[in-house]
1. If we scan the range 152-170, do we find a residue that is under 15 Å from the mean Cα position of the chain (by Cα), aliphatic (A, V, I, L, M) and open to solvent by 10 Å² or more (accessible area, probe 1.4 Å)?
2. Inside the range 216-257, can you point out the residues that are assigned to a loop (DSSP other than H, G, I, E, B) and in contact with a strand residue (DSSP E or B) (Cβ under 8 Å, 6 or more places away or on another chain)?
3. Only one of 90, 86, 6 is of a type in the set (Lys, Arg), open to solvent by 10 Å² or more (accessible area, probe 1.4 Å), outside the structural domain of residue 140 (by the TED database) and within 27 Å of residue 138 (Cα to Cα). Can you tell me which?
4. From the list 65, 49, 31, which residue is assigned to a helix (DSSP H, G or I), surrounded by fewer than 16 Cβ atoms within 10 Å (Cβ to Cβ) and hydrophobic (A, V, I, L, M, F, W, C)?
5. Conditions: (1) assigned to a loop (DSSP other than H, G, I, E, B); (2) more than 24 Å from residue 164 (Cβ to Cβ); (3) at pLDDT 95 or above. Residue 85 meets all but one. Number of the miss?
6. When both residues are 6+ apart or on different chains and their Cβ atoms are under 8 Å apart, which pairs have a first residue that lies in the range 280-296 and is open to solvent by 50 Å² or more (accessible area, probe 1.4 Å), and a second that is in a helix (DSSP H, G or I) and of a type in the set (Ser, Thr, Tyr)?
7. Please work out which residue is surrounded by the most Cβ atoms within 10 Å (Cβ to Cβ), limiting yourself to the range 34-46 and to residues that are among the small types (Gly, Ala, Ser) and over 14 Å from residue 107 (Cβ atoms).
8. Is it true that residue 128 is modelled with pLDDT of 95 or more and in contact with a helix residue (DSSP H, G or I) (Cβ under 7 Å, 6 or more places away or on another chain)?
Amino acid sequence: MSKLPRILTQLRLPVIASPMFIVSTPSLVIAQCKAGIVGSMPALNARPAEQLEDWLAEITESLAAHNRAHPNRPATPFAINQIVHRSNQRLEHDMALCAKYKVPIIITSLGAQPEINQAAHEYGGIVLHDVINDTFARKAIAKGADGLIAVASGAGGHAGTKHPFALVQEIRAWFDGPLALSGAIATGNGILAAQAIGADFAYIGSAFIATEEARASAAYKQAIVDGSSDDIVYTNFFTGIHGNYLKPSIVAAGLDPDNLPVSDPTQMNFGGDRAAKAWKDIWGCGQGIGAVGQVQAAADYIEQLAQQYAAARRRLMLD
């Protein structure tokens, strides 16, 4: 049994919504938390940087109002993703605002810094760090992260290449703390499967792009609905780090998805205008979208997940 901090024991479903660059904003986070899962967004989605304070105030005030109105079904905690990379010149500014608003969960990516972990711990927050292999997992915990997000093959955005079975079993051989699994999970069956192999939570992102609250174009949302795993391209061309992207958006940009050059990883950029343009025009997406059949409200999608998850549990109990 994993050792979970109290903040992660109050969820309706064992799901953490992944923070999606550009796509995740307060409206989506609030809807996710009200429906009973951890909602999240990247700090860098707030542009200019000053907007982040407005957004944090909106989220905390909206969830507090919901809790007053629904004391028997309070909202779940939310998370803010911080890109811990030298190209992110806003990191100190954004972490100071997270401390001011006592953001319950910090999700760190592309680097683990003890200072960030300590900053969160000082106000009572916890830190989950996303990793693509066991080596990075060990480093993150050694530097003070409270939990891990195993980003396996098939995940949207900057995904790894490890099979989820391999990645989870290697981490679980030594780590008994909070562990979420990312990689092509879009159904209640997938949530239960993640738990069956040793994770505590499913980490779901791409399916939420096709929700009404997501800040994505109608074409992007429809591409999620229409697409399948055959439409996903794994490349480092756009940011310098390998990730999964929707083939139709690559074609629309005038590029050949089957013949993309290899990018120089030393030229990575995650916080500037160039990076924002890449993600706006080239759509990040994971392999699990074949399960997405319509654009709907986030709450309706989460209800669908809950029903599927309950049915899957019943089937196992009957077997």
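The values are calculated or read from the model by the stated rules, or taken from the named source; none is laboratory data. Small disclaimer: the values here were computed from a predicted structure and weren't measured. Heads up, the Cβs are rebuilt from the backbone with ideal geometry, glycines too, and the neighbour counts pull from every protein chain shown. All accessible areas refer to the heavy atoms of the entire protein, side chains included, with ligands and DNA or RNA removed. Shrake-Rupley method; radii C 1.70, N 1.55, O 1.52, S 1.80 Å.
1. Step one: of the range 152-170, the residues under 15 Å from the mean Cα position of the chain (by Cα) are 152-160.
Within this subset, residues satisfying the condition of being aliphatic (A, V, I, L, M) are 152, 155, 159.
The next check asks that each one be open to solvent by 10 Å² or more (accessible area, probe 1.4 Å); those that pass are none.
Scanning the range 152-170 turns up no residue that is under 15 Å from the mean Cα position of the chain (by Cα), aliphatic (A, V, I, L, M) and open to solvent by 10 Å² or more (accessible area, probe 1.4 Å).
2. So the first thing to find is which residues in the range 216-257 are assigned to a loop (DSSP other than H, G, I, E, B), and the list is 216-217, 227-228, 236-242, 253-257.
Result: 227, 236, 238, 242, 257.
3. Working: 90 fails: outside the structural domain of residue 140 (by the TED database); 86 fails: outside the structural domain of residue 140 (by the TED database).
After applying the criteria, what remains is 6.
4. Working: 49 fails: assigned to a helix (DSSP H, G or I); 31 fails: surrounded by fewer than 16 Cβ atoms within 10 Å (Cβ to Cβ).
When all the criteria are applied, what remains is 65.
5. (3)
6. As it stands, the answer is 281/249; 287/229; 290/229, since those pairs meet every condition given.
7. Residues of the range 34-46 among the small types (Gly, Ala, Ser): 35-36, 39-40, 43, 46.
Pick out the ones that are also over 14 Å from residue 107 (Cβ atoms) and you get 35-36, 46.
Working: 35: 24, 36: 21, 46: 21.
Filtering first and then ranking leaves 35.
8. Values: modelled with pLDDT of 95 or more: yes; in contact with a helix residue (DSSP H, G or I) (Cβ under 7 Å, 6 or more places away or on another chain): no.
No, not satisfied.
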